[in-house]
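Worksheet for the structure shown next.
The values are calculated or read from the model by the stated rules, or taken from the named source; none is laboratory data. This structure is a prediction, so every number in the text was calculated from the model and none was measured. So basically every Cβ, Gly included, is an ideal-geometry build from the backbone, and we count neighbours across all protein chains shown.
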Amino acid sequence: MQVAHAMWMYSFAWTQKASCVSIPVSQSSLRMGEVFNAYGRRSAEYVQTLGSMESTHAEDRQLVSRWGRQINGPIIDVGCGPGHWTDFLNSQGCDVRGIDPTEEFIASARRRFPDCRFDLGSVESLRADSTMGILAWYSLIHHDPAGLDAALQKCSAALAPGGSFLVGFFTAPAHAPFAHAVTTAYFWPLNELVSRIERVGFTTVEVHERHDASSRPHGAIVAQRSESGAFAETRKAAGFPAASSSG
Ligand SMILES: C[S@@+](CC[C@H](N)C(=O)[O-])C[C@H]1O[C@@H](n2cnc3c(N)ncnc32)[C@H](O)[C@@H]1O
């Protein structure tokens, strides 16, 4: 499984810097539609190769488990894809559901993990104050800078006070798009992503970085929704009313 995983996920070798592509900075729902369609076309292959916990890193399982078990309330696995992280959190006793905009993933996840709840949805469709935890494990990697800021605002506003956010992503010294096996994705320098996350009302709790030869550099950030004045601005920018509401 590890070999298949490496071949599929890294078929555009990390060392091939020439695989970086240049695309316009402006993002649109059209582009997001392309992302969902691209995943739909390769969903069966993705599920088979990357859709189980055996294909994940032990350190990530420890982090996600530790993070999930300290959350006192519902968790949304945003961009759950095959649903294996949702099932994993469920097995740890968490109150979790998975959402994904790719219909093929949701249909497959419902079949494979009947004990878990999966709904069609995207980060853009999150509702205000609807959850205590958001896992975004490699699901924001296709957002360009403007799209990412909007997605982070949605995550911040969707969390109830004290809620926690865990994001996993590809990291690199400089921000850059690259030819991911499914569709264009982005590397984010750890510090830059921390800044963007803090700008939308989060306080950083943990940062993690991992470099190994067989895969692209990995980053993870745990952040808590703060109660600072920045939050009111974030709610407004995310299109939610000023007061707590189901949106
Ligand atoms: C690299 S996969 C990660 C899937 C899963 N979290 C995992 O770790 O295997 C990216 C996922 O993000 C989803 N996705 C893409 N755009 C999204 C959006 N705007 N909101 C939520 N999920 C999105 C895709 O459908 C896909 O399932």
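Mind counting the residues in region 32-90 that are within 11 Å of the ligand (Cβ to nearest atom) and of a type in the set (Asp, Glu)? Total satisfying the criteria: 3.
For (1) of a type in the set (Lys, Arg); (2) modelled with pLDDT of 95 or more; (3) in contact with a Pro (Cβ under 8 Å, 6 or more places away or on another chain); (4) assigned to a strand (DSSP E or B), each residue gets a yes or a no:
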{"position": "VAL194", "(1), (2), (3), (4)": "no, yes, no, no"}
{"position": "THR204", "(1), (2), (3), (4)": "no, yes, no, yes"}
{"position": "ALA213", "(1), (2), (3), (4)": "no, no, no, no"}
{"position": "LYS236", "(1), (2), (3), (4)": "yes, no, no, no"}
{"position": "ALA243", "(1), (2), (3), (4)": "no, no, no, no"}
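If you check ILE141, ILE134 for being assigned to a loop (DSSP other than H, G, I, E, B), in contact (Cβ under 8 Å) with a residue 24 or more places away in the chain, under 22 Å from SER65 (Cα atoms) and aliphatic (A, V, I, L, M), only one passes: ILE141. Answer yes or no: is there a residue in region 95-103 that is within 13 Å of the ligand (Cβ to nearest atom), among the small types (Gly, Ala, Ser), surrounded by fewer than 24 Cβ atoms within 10 Å (Cβ to Cβ) and closer than 16 Å to GLY51 by Cα. Within region 95-103, none of the residues are within 13 Å of the ligand (Cβ to nearest atom), among the small types (Gly, Ala, Ser), surrounded by fewer than 24 Cβ atoms within 10 Å (Cβ to Cβ) and closer than 16 Å to GLY51 by Cα.
Rundown of residues vs (1) at negative phi; (2) surrounded by 16 or more Cβ atoms within 10 Å (Cβ to Cβ); (3) modelled with pLDDT under 95, yes/no style:
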residue: ARG112; (1), (2), (3): yes, yes, no
residue: LEU120; (1), (2), (3): yes, no, no
residue: LEU126; (1), (2), (3): yes, yes, no
residue: ILE141; (1), (2), (3): yes, yes, no
residue: ALA146; (1), (2), (3): yes, no, yes
residue: SER156; (1), (2), (3): yes, yes, no
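Beta carbons closer than 8 Å, at least 6 apart along the sequence or on distinct chains, pair a first residue in region 158-182 that is under 15 Å from HIS143 (Cβ atoms) and at pLDDT below 95 with a second that is among the hydroxyl-bearing types (Ser, Thr, Tyr) and within 11 Å of the ligand (Cβ to nearest atom) for VAL182/TYR39; VAL182/TYR46.
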